[in-house]
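Enquirer: I have a structure here, written as structure tokens, and I will follow up with some questions on it.
The values are calculated or read from the model by the stated rules, or taken from the named source; none is laboratory data. A quick note: this is a predicted structure, and the numbers were derived from the prediction, not measured. Glycine gets a Cβ as well: all are built from the backbone with ideal geometry, and neighbour counts include every protein chain shown. Accessible surface areas use protein heavy atoms only, side chains included; no ligands, DNA or RNA. Shrake-Rupley method; radii C 1.70, N 1.55, O 1.52, S 1.80 Å.
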Amino acid sequence: EHLLEEIKSLAQWVRFECRHRLLHSDPEYEAMDRHLRGFHRARNLRMLFYAAKLAIVALKARELLEGRSYPTTRLELRQRLTDPDDVALVDLVEEWPLPRESYPGDVVDLALLLDRSTRRLGDWLETRDTRVSRRVSRVSKGPGGEVGP
């Protein structure tokens, strides 16, 4: 019943986390001890990765609000997405060990991607009726009719 408000809240939290990491990143990284600098950068990146995973949960829940079945896997969600930022977000989380190397401490690109995606999700949620359709399917079924992992 409160799915819409929960998704709005989640999207707002992810946007806050992105903006916090952008606005309050320490510009004195270069003056820090090498190990402390690495710790701060890794922590910021890890926090944004968790925020990305939560954004994907919100994108999955949006499917329910649109009256479709819940995508049980990121691949299933990716096949339904049309926005390039949302697709990039799913790809980033799916291939996390690889992108982690391509973000050598600069979290700006990741934070901006997350912010764009969740801002559009929040805008979409603002246009929705606060009532969830009664034809919402609880979970999608796998090829053999079984519920996915």
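Enquirer: Roll a 1.4 angstrom probe over the protein heavy atoms and tell me the percent of accessible area of region 36-81 that is carbon or sulfur. Let's see the in-between values first.
Expert: Working: 1160 of 2070 Å².
It is 56 percent, rounded to a whole number.
Enquirer: Moving to a separate point now. Say each of R19 and A42 gets a label point 7 Å from the Cα, pointing the same way as Cα to Cβ; how far apart are those two points in nm?
Expert: Spacing of the two 7 Å Cα→Cβ label points: 3.0 nm.
Enquirer: Could you give me the ³J(HN,Hα) list for region 49-58, computed from phi with Karplus coefficients 6.51, -1.76, 1.60 and θ = phi - 60°, whole Hz, x at Gly and Pro?
Expert: Going residue by residue, I get 5, 4, 4, 5, 5, 5, 4, 5, 4, 5 Hz, with x marking Gly and Pro.
Enquirer: Peptides 81-88, 46-53: what's the order by average Cβ count within 10 Å, highest mean first? All intermediate terms of the calculation are to be shown ahead of the outcome.
Expert: Details: 81-88: 14.6, 46-53: 18.0.
Put in order of decreasing packing, that is 46-53, 81-88.
Enquirer: Something else now. Please compute the length gained on full extension between R128 and V57, using 0.36 nm multiplied by the number of residues separating them and subtracting their Cα-Cα distance. Could the numbers behind the result be given before it?
Expert: Values: separation 71, 0.36 × 71 = 25.56 nm, distance 1.80 nm.
Gain in length upon complete extension: 23.8 nm.
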